[in-house]
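The values are calculated or read from the model by the stated rules, or taken from the named source; none is laboratory data. The model shown is predicted, which means the values in this text are computed figures rather than measured ones. Reconstructed Cβ throughout: ideal geometry from the backbone, glycine too, with neighbour counts over all protein chains shown. These area figures cover heavy atoms from the full protein model, side chains too; ligands, DNA and RNA do not enter into them. Shrake-Rupley method; radii C 1.70, N 1.55, O 1.52, S 1.80 Å.
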Amino acid sequence: MMLRRGFILFLPRLVGLLVVACCLVSIVYMLACTPKGDNQQLVLPRVHSPTVKEGYEAILQEREEQHRNYIISLKKQIAQLKAELQGRNEQLKNVQDQYPDPLDIRLDHSNPEKVQANLLAFLRSQIDKAEVHSGVKLSTEYAAVPFESFTLQKVYQLETGLTRHPEEKPVRKDKRDELIEVIELAVGSLNNPEGDSNAKHRVYTASDFVEGIYRTEKNKGTLYELTFKGDTKHQFKKIVLFRPFGPVMKVKNEDVNMADTLINVIVPLSKRASKFRQFMQNFREMGIQQDGRIHLTVVYFGKEQMNEVRAILENTSKSANFKNFTFIQLNEEFSRGKGLDIGARFWKGSNVVLFFCDVDIYFTAEFLNSCRLNTQPGKKVFYPVLFSQYNPSIIYGHHDSIPSLEQQLIIKKETGFWRDFGFGMTCQYRSDFINIGGFDLDIKGWGGEDVHLYRKYLHSNLIVIRTPVRGLFHLWHEKQCLDELTPEQYKMCMQSKAMNEGSHGQLGMLVFKQEIETHLHRQKVSNKKT
C-alpha cells in the first residue's frame, strides 16, 4: 500500500522530467539539422582580432567543402539522368522496330525488302485503327462518321451542298472509278474463294450486286461493305473491303516570298454607283491600307452614272494617296466577260496576278494573300468558293436594328451558304489567262462566261485549286426576275431568288408567320387570365 502511494507521488515528477527531456532533444535537433539559408550572414572575426587570418581561412575552407559536395551531387544526378535517357532511347527503338515509322518507309531505300515489310505492317495497322472489326467509343452523337450508300447507278449522300443532290449518278471521275473498282474487286473475290479451287462455284457478275455502303475516315482509309445476291431469295453474300491510306509523305518544303507580288483587281461595271461606293470602302481598307500591293482596273460600260463612279474613284485616290488604278470606258452594251477580258489585256506591266471581281463582293486582306499563294504561272489557278450572304432583313428581322456590314460577315448556316455553283471570282496569272484564250466574247450580258473559262482551265494541264475561303463574301442584293422571261425561266429565277433570301428554317418561319403570331396571342391571353 505504501509502495503504491509512493509510486503515485513519484509519477508527476517522472512525467515532468520526460517533458523537459523531450524539449531539450527537440531544441538540439533543430539546432543541428536546420540548414543555413543562402542569405544567412557568416559570423566573421573582428578585424583587430589576432586570429583574423585563421578565421577567414577556416570559413573559406568550409565553403569550399560545401561547393565540392554540391558538385559531386550534381554529377551523380547528371549520370542518373543520362542512364535514364539511354534506357528510354532503347525502349523507343524497340517500339519503332515493332511499329515502323512512316518516314523509314519512304526514306530507307537501301533495303527494299524492309521498306516493303514496314509498309505492309503500317497498312495493316490502319485496319486495326479503323472501325472494321470493332467499334470505337465516341464522345458525342456528332462524332460518328456516317456511311453513304450506292448501287450500280446511283450514290445516296448526306453532304450535298448546292450543286450535288441527295441521289445522283457519280459525276466526278475519281468517285465513279473508285466505286467501279470496288465492285470489280468484290466480284473477283467472290469468283475466287479461298479453299478448294477444284470445287464448282457460282459465277458472280456486277448484276448480282444489290447495294453497298462506304465511309472515309480521313486519317485511316475507306471502308466498303458490299452485298450481293446469294443462292436463294433470302441468302446474300457480303464482302468487306478496306482501302487503307498510306503514310504521310513530304513532297515539298519551300519558302514563298510574296512581298513583291502585285494583284490587279478587275471590276466590270455599268451604273450601280451606290454599290461601287460601298465596294471602294472595302477596297480602301483591305486593299490599300492593309495589303498595299494592289492595282484596280475598272471597265465601265455606257455613260449613265459614269461621272459619279469616276468621282468616287478619284476621291479615294486623293484621300488615300493611291495612284495604282486604271479607268476604261466603253460605249457599248454591258458584257461581264468582255469587260474582264479587256481589263486583263490592257495591263502592260510584268506578269501579274489577276483577280476577277464584282462590285457586290467583299474581300479581306487575308483573302488577297490566299489569292497569291494559290496561283503559280504555268501551274496553278485559283477558284475560291465564296460565302453568299442571305437577306439581312430576314436574318435580323427579329432584332431592333440590322448590324453593320462588318458584323454581318460571319460564316454560319443562318447567315448564308457556300456558293459552290459560282465560278466568277477567280485568281490567275495574266500569262495563263492569255495562253488559255481568255473569255468567250460572244457571250453577252451577265453569266455563262465564267463557266466557259473554268472549263478551259479544267481541260488544260494547269492545277485548278477549288476550295471554300473565309475571307470572300457575296453581299446580298435583290434579284430581279424580268417579265419577258418564259414561264420556265421565270420559275427558275424565282427559285434562285428564294435560295438567296434565307435558309430553309428562316423561309419556313415566314410561311408560318400567321400561325406563330396566333399562338403568341393565345399565350398572352392565357397568361392574363391566370
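A few points about this structure:
- Less than 5 angstrom separates the built amide H of residue 380 from those of 463, all sequence-distant by 5 or more or on a different chain.
- Cα gyration tensor, segment 366-516 - rounded (a/c under 1.5), prolate or oblate: oblate
- For segment 423-530, chymotrypsin sites (Phe, Trp or Tyr not before Pro) are listed when DSSP marks them as loop and at most 13 other Cβ atoms sit within 10 Å of their Cβ; the list is 512.
- Summed side-chain charge close to residue 475 - residues other than residue 475 whose Cβ falls under 11 Å, Lys, Arg +1, Asp, Glu -1: -1
- Of the residues 408, 434, 468, the one whose Cα sits farthest towards the positive end of the charge dipole of segment 362-468 is 434 (charges of +1 on Lys and Arg Cβ, -1 on Asp and Glu Cβ, taken about the Cα centre).
- Here r is the Cβ-Cβ distance between residue 481 and residue 528 and R0 is 56 Å; the resulting FRET efficiency, rounded to 0.05, is 0.80.
- Amide H contacts of residue 245 (H built 1.01 Å from N, under 5 Å, at least 5 apart or other chain): 221, 222
- Packing-based ranking of 71-78, 384-391 yields 384-391, 71-78, ordered from highest to lowest mean Cβ neighbour count within 10 Å.
- Cα gyration tensor category, rounded, prolate or oblate, for segment 263-509 with a/c compared to 1.5: rounded
- Using the Karplus relation 6.51 cos²θ - 1.76 cosθ + 1.60 with θ = phi - 60°, the per-residue 3J(HN,Hα) values for segment 181-193 come to 4, 5, 5, 4, 5, 5, 4, x, 5, 5, 7, 10, x Hz, with x marking Gly and Pro.
- Sites residue 59 and residue 85, calculated FRET efficiency, Cβ-Cβ separation with R0 56 Å, nearest 0.05: 0.90
- Amide N of segment 488-522 lying under 15 Å from the label point, which is placed 7 angstrom from the Cα of residue 398 along Cα→Cβ: 503-521
- Using the Cβ of residue 308 as centre and a radius below 15 Å, the other residues enclosed give a net charge of +4, where K and R count +1 and D and E count -1.
- With Cα atoms as the point set, the radius of gyration and Dmax of segment 248-315 evaluate to 17.2, 58 Å.
- Overall form of segment 400-450 per C-alpha gyration tensor (a/c, 1.5; a/b vs b/c): prolate
- Taking amide H atoms as placed 1.01 Å from N in the peptide plane, the amide H of residue 294 lies under 5 Å from those of 263, each 5 or more residues away in sequence or on another chain.
- This model, with +1 at the C-beta of Lys and Arg and -1 at the C-beta of Asp and Glu, gives segment 229-381 a dipole about its Cα centre of some 780 debye.
- Computed lengthening from residue 259 to residue 271, 0.36 nm per intervening residue step minus Cα-Cα distance: 0.8 nm
- Efficiency of FRET from Cβ geometry, residue 412 and residue 464, R₀ 22 Å, rounded to 0.05: 0.20
- Peptide ranges 302-312, 370-380 listed from the most packed, as the mean C-beta count within 10 angstrom indicates: 370-380, 302-312
- Dipole magnitude for segment 263-509: about 780 debye, using +1 per Lys or Arg Cβ and -1 per Asp or Glu Cβ, origin at the Cα centre.
- Surface per residue (accessible, 1.4 Å probe) for segment 263-509, Å²: 49 Å²
- Placing dummy labels 7 Å off each Cα toward the beta-carbon, the span from residue 492 to residue 245 is 3.8 nm.
- Peptides ranked, highest mean first, by Cβ atoms within 10 Å: ranges 60-66, 482-488: 60-66, 482-488
- Using the Karplus relation 6.51 cos²θ - 1.76 cosθ + 1.60 with θ = phi - 60°, the per-residue 3J(HN,Hα) values for segment 469-476 come to 10, 8, x, 9, 10, 9, 6, 5 Hz, with x marking Gly and Pro.
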